[in-house]
Amino acid sequence: MDIIKIKYMMSFRILLLGLCIWGSLPVLGQEYRVEDIRIGGFVGERINTCIEYRVKSQDVEHLVEPFRHREETSLWQSEFFGKWLLGAISSYEYCKDSILLEQIKTGVQSFMQTQTSEGYIGNYKSEAQLTNWDIWGRKYSALALVAYYRLTGDKAALQAAMRSVDYLIKQLHEQRIDIARTGNYFGMASCSILEPVVYLYDITREKRYLDFAKNIVVGIESKGSSQLIAKALKDVPVSQRSACPASWWSFENGQKAYEMMSCYEGLIELGRVLNDPLYKEVAERTAESIRQDEINIAGSGAAFECWYGGKGKQTLPAYHTMETCVTFTYMQFCNRLWRDTGNTLYIEEFERTMYNALFASMKHDGGQISKYSPLEGRRLPGEEQCGMHINCCNANGPRGFALIPKMAVAAKEDGVFFNLYVPMKVMLKTGKKNAVALKVATNYPINGKVNIRVEPQRKEHFKLALRIPSYVDGMKVFVNGQEQEVLHRGGYFYLDRVWKRGDEVVLEFDLQTKVVKNHNHQAVVRGPLVFARDSRFGDGDVDECAVIQCDEKGVVQATVCNNVSDSFAWITLEVPAVLGTDLEDTVNKTAKLVRFCDFASSGNDWTSKGRYRVWIPQTLHVMKEPYRKY
């Protein structure tokens, strides 16, 4: 489909749909509302640690300071405050910490005082505005102010966001500049402001914001721009959206992962407002390309922050892989797509990324979030950026942790959906204003048992939807001791009944440790978890070749250990493997137990001494293996 047909189709849809009201669409929480959630266990501890030692420890005035001077011409200091505030607001919505709320309010007041009389909030010189990262920074400022308005109802914050976007519209119009020709990466950084522009329209119903949103999309689809809709409809892989640029950090690089997904998030929101399925379709097609071609075993991807066909190259060491900004944005992308489609595939992607790439990004004490979390090597602090004591991932990473409670249990118009099996207590209101407490006790994914206690204030008929992971080999469901018939893997298992106080649901998953093979390498997985060798175990060279012992289905007879008092790891597996290349030594002829830890724990001390590794080279055995394929 060529660009002329795309533009015609889009124009026709917009003309036909006009100003369709978002309220006509199903909305999360329309009949059911999650009022409070508290997560326990390892996941809850990681969330709490991030809030206490990364979010609350931030010097917010340091992030506001650049906005007071407006001296920048090329860098991205103006993203840091908005990213921090978005993470802080989502964290507060979870923890309800009064100290954090005061920190948020004080920061916003200082921030809004930097707005100029024209409406500009940023740190660029007047002659440099609309170039480089200026509009990208304005995007984060607008997103953060809208989030603050939604949290507090403070109309001054909404007005500040409106004035900021109004001034941008005015500048672009007066200077006759196409927003898609500004900034970097075929305009994707600048065009990602589409998301807060749609939010402003949704809140205010001011037509100028919808018109601006449409103009952004026209710019995206214009010749020489990113053409995110046309290329998605042609199923162009995300790593092939542009030629390899002469200058990587430039306008001519169309493979920038974070910015690309950010634009699709804006398109999803526009599609909801217009009730136009085109935008969701192109987002889903792009998400499938990312999942199939880019996302590695730990749930993240990209190198030098760009798509590169990384899934098929993940056994090769690469520079600067798995940027935490990419990790979080992929989680948020999956969250949005699940919200609009109900497809549990997006939850499985979210879960894998959460347990592995996201948790691996944070130092064990919560004080730092790494820029990169490769599948082998060491984890180290990222550099400070833009002359400030922070970098993009330290600012953005907490948003991933704060997103977990919102995905764990969700209320939709047709019931309550269990998406993540973690220890938690949930309070919700049904459409009939009945208070329901849900209490989940589980050690999943260490083992496969989940107990859910349902405590409605009064009896009521409603639906519980239980996610069935596609990676489990079997599942049983019991309601008050009575086994239910489960016919499929993947999707949801629905319990549609009258619930009364004391009802109990028990899930039993068949979780097995398995070996995954890829390009003569092996990795160990268990459910959503990926495991790694770590030099701190002191049981040999983590880079040594091996043959991990498994049956024809890849199942490993591994011993699962957790809560070991002297261990650095959340979970340790003892895995049988024949190490090295010498089979004449009687010691090495038979398998020995080698320890692996969950990927999140590997390298979590952030020292320069140790080393970890996910993909283990498989020793070639020419008497047994079909070795000629290697």
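The values are calculated or read from the model by the stated rules, or taken from the named source; none is laboratory data. Bear in mind the structure is a predicted one, so any value in this text is a computation, not a measurement. With ideal geometry, Cβ positions are generated from the backbone for all residues, glycine too; neighbour counts draw on all protein chains shown. Keep in mind that these areas ignore ligands, DNA and RNA; they rest on the heavy atoms of the full protein, side chains included. Shrake-Rupley method; radii C 1.70, N 1.55, O 1.52, S 1.80 Å.
Among the residues examined, PHE111 does not qualify as of a type in the set (A, V, I, L, M, F, W, C) and not in a helix (DSSP H, G or I). Consider the range 456-477. How many of its residues are open to solvent by less than 40 Å² (accessible area, probe 1.4 Å) and in a strand (DSSP E or B)? Looking only at that region, the number is 9. Among the conditions (1) surrounded by 16 or more Cβ atoms within 10 Å (Cβ to Cβ); (2) within 30 Å of ALA357 (Cβ to Cβ); (3) among the acidic types (Asp, Glu), ASP503 misses just one, which is (2).
Step by step: first the residues of the range 31-56, then only those that are in a loop (DSSP other than H, G, I, E, B) and open to solvent by 30 Å² or more (accessible area, probe 1.4 Å), then the one that is modelled with the highest pLDDT. Which residue is that? For the range 31-56, the residue satisfying everything is LYS56.
Filtering the range 310-330 down to residues that are over 14 Å from the mean Cα position of the chain (by Cα) and closer than 13 Å to GLY299 by Cα, which residue is surrounded by the fewest Cβ atoms within 10 Å (Cβ to Cβ)? I'd like the intermediate steps shown before the answer.
Filtering the range 310-330 down to residues over 14 Å from the mean Cα position of the chain (by Cα) leaves 310-321.
Filter again for closer than 13 Å to GLY299 by Cα, leaving 310-311, 314, 321.
On the way: GLY310: 23, LYS311: 18, GLN314: 25, THR321: 26.
Among them, the one singled out is LYS311.
Scanning the range 529-541 for residues that are surrounded by fewer than 21 Cβ atoms within 10 Å (Cβ to Cβ) and either free of Cβ contacts under 8 Å to residues at least 60 places away in the same chain or in contact with a helix residue (DSSP H, G or I) (Cβ under 9 Å, 6 or more places away or on another chain) (or both) turns up GLY538, ASP539, GLY540, ASP541.
Filtered by the rule that a residue be part of a loop (DSSP other than H, G, I, E, B) and surrounded by fewer than 19 Cβ atoms within 10 Å (Cβ to Cβ), the range 57-75 gives SER57, ASP59, HIS69, ARG70, GLU71, THR73, SER74, LEU75.
For a quick check of your reading: which strands (runs of 3 or more DSSP E) sit entirely within the range 523-562 and have at least 1 residues that are at pLDDT 95 or above? Walk me through it before giving the result.
On the way: elements: 529-534, 546-548, 559-562.
So the answer is 529-534, 546-548.
Restricting LEU75, LEU15, LEU63, LEU28 to residues that are more than 23 Å from the chain's Cα centre (by Cα) and modelled with pLDDT under 50 narrows the list to LEU15. Evaluate the following for SER78: is it within 13 Å of CYS392 (Cα to Cα), in contact (Cβ under 8 Å) with a residue 40 or more places away in the chain and among the hydroxyl-bearing types (Ser, Thr, Tyr)? Spelling it out, SER78 is indeed within 13 Å of CYS392 (Cα to Cα), in contact (Cβ under 8 Å) with a residue 40 or more places away in the chain and among the hydroxyl-bearing types (Ser, Thr, Tyr).
Residues in the range 137-152 that are polar (S, T, N, Q) and surrounded by fewer than 23 Cβ atoms within 10 Å (Cβ to Cβ): THR152 only. The set of residues in the range 331-352 being open to solvent by less than 10 Å² (accessible area, probe 1.4 Å), out of contact with any Ser or Thr (no Cβ under 6 Å at 6 or more places or on another chain) and closer than 22 Å to LYS371 by Cβ consists of PHE333, CYS334, PHE350.
Taking the stated definitions as given, is GLU102 without any contact (Cβ under 8 Å) to a residue 24 or more places away in the chain, in a helix (DSSP H, G or I) and open to solvent by 10 Å² or more (accessible area, probe 1.4 Å)? It would help to see each step written out before you state the result.
Values: without any contact (Cβ under 8 Å) to a residue 24 or more places away in the chain: yes; in a helix (DSSP H, G or I): yes; open to solvent by 10 Å² or more (accessible area, probe 1.4 Å): yes.
It is true that GLU102 is without any contact (Cβ under 8 Å) to a residue 24 or more places away in the chain, in a helix (DSSP H, G or I) and open to solvent by 10 Å² or more (accessible area, probe 1.4 Å).
Selection of the range 406-418 for residues being open to solvent by 10 Å² or more (accessible area, probe 1.4 Å) and either touching a His at 6+ places or on another chain (Cβ under 8 Å) or part of a helix (DSSP H, G or I) (or both) yields only LYS406. Candidates LEU511, LEU583: the one that is at pLDDT below 95, outside any strand (DSSP E or B), of a type outside the set (Phe, Trp, Tyr) and buried (at least 19 other Cβ atoms within 10 Å of the Cβ) is LEU511.
Among the residues making up the range 217-255, those that are in contact with a helix residue (DSSP H, G or I) (Cβ under 6 Å, 6 or more places away or on another chain) and under 18 Å from ASN132 (Cβ atoms) are GLY219, SER225, SER226. If only residues of the range 368-384 that are acidic (Asp, Glu) and part of a loop (DSSP other than H, G, I, E, B) are counted, the one that is surrounded by the fewest Cβ atoms within 10 Å (Cβ to Cβ) is GLU383. Restricting attention to the range 208-239, the residues that are touching a residue at least 12 places away in the same chain (Cβ under 8 Å), part of a helix (DSSP H, G or I) and within 22 Å of GLU294 (Cβ to Cβ) add up to 8. Residue pairs whose Cβ atoms lie under 8 Å apart, sitting 6 or more positions apart in sequence or on different chains, and linking a residue in the range 253-281 that is in contact (Cβ under 8 Å) with a residue 40 or more places away in the chain to a partner that is of a type in the set (Phe, Trp, Tyr) and open to solvent by 10 Å² or more (accessible area, probe 1.4 Å), are ASN253/PHE186; GLY254/PHE186; GLN255/TYR308; GLU269/TYR199; ARG272/TRP22; VAL273/TRP22; ASN275/TRP22.
Is at least one residue of the range 150-160 over 30 Å from MET424 (Cα atoms), out of contact with any Phe, Trp or Tyr (no Cβ under 7 Å at 6 or more places or on another chain) and in contact (Cβ under 8 Å) with a residue 12 or more places away in the chain? Yes, there is a match, as at least one residue in the range 150-160 is over 30 Å from MET424 (Cα atoms), out of contact with any Phe, Trp or Tyr (no Cβ under 7 Å at 6 or more places or on another chain) and in contact (Cβ under 8 Å) with a residue 12 or more places away in the chain. Just to be sure before I move on: is ASN451 crowded, with 22+ Cβ neighbours inside 10 Å and either polar (S, T, N, Q) or within 22 Å of the chain's Cα centre (by Cα) (or both) in the structure I sent? No. Checking the range 486-494 against the condition returns a match, with at least one residue being touching a strand residue (DSSP E or B) at 6+ places or on another chain (Cβ under 7 Å), surrounded by fewer than 18 Cβ atoms within 10 Å (Cβ to Cβ) and part of a strand (DSSP E or B). Within the option set SER567, SER601, being surrounded by 15 or more Cβ atoms within 10 Å (Cβ to Cβ), in a loop (DSSP other than H, G, I, E, B) and in contact with a Phe, Trp or Tyr (Cβ under 6 Å, 6 or more places away or on another chain) holds for one residue only, SER601. Can you give me the number of residues within the range 432-445 that are within 17 Å of ASN419 (Cα to Cα) and open to solvent by less than 90 Å² (accessible area, probe 1.4 Å)? Qualifying residue count, the range 432-445: 8. Number of residues in the range 190-212 that are β-branched (Val, Ile, Thr) and open to solvent by 30 Å² or more (accessible area, probe 1.4 Å) equals 2.
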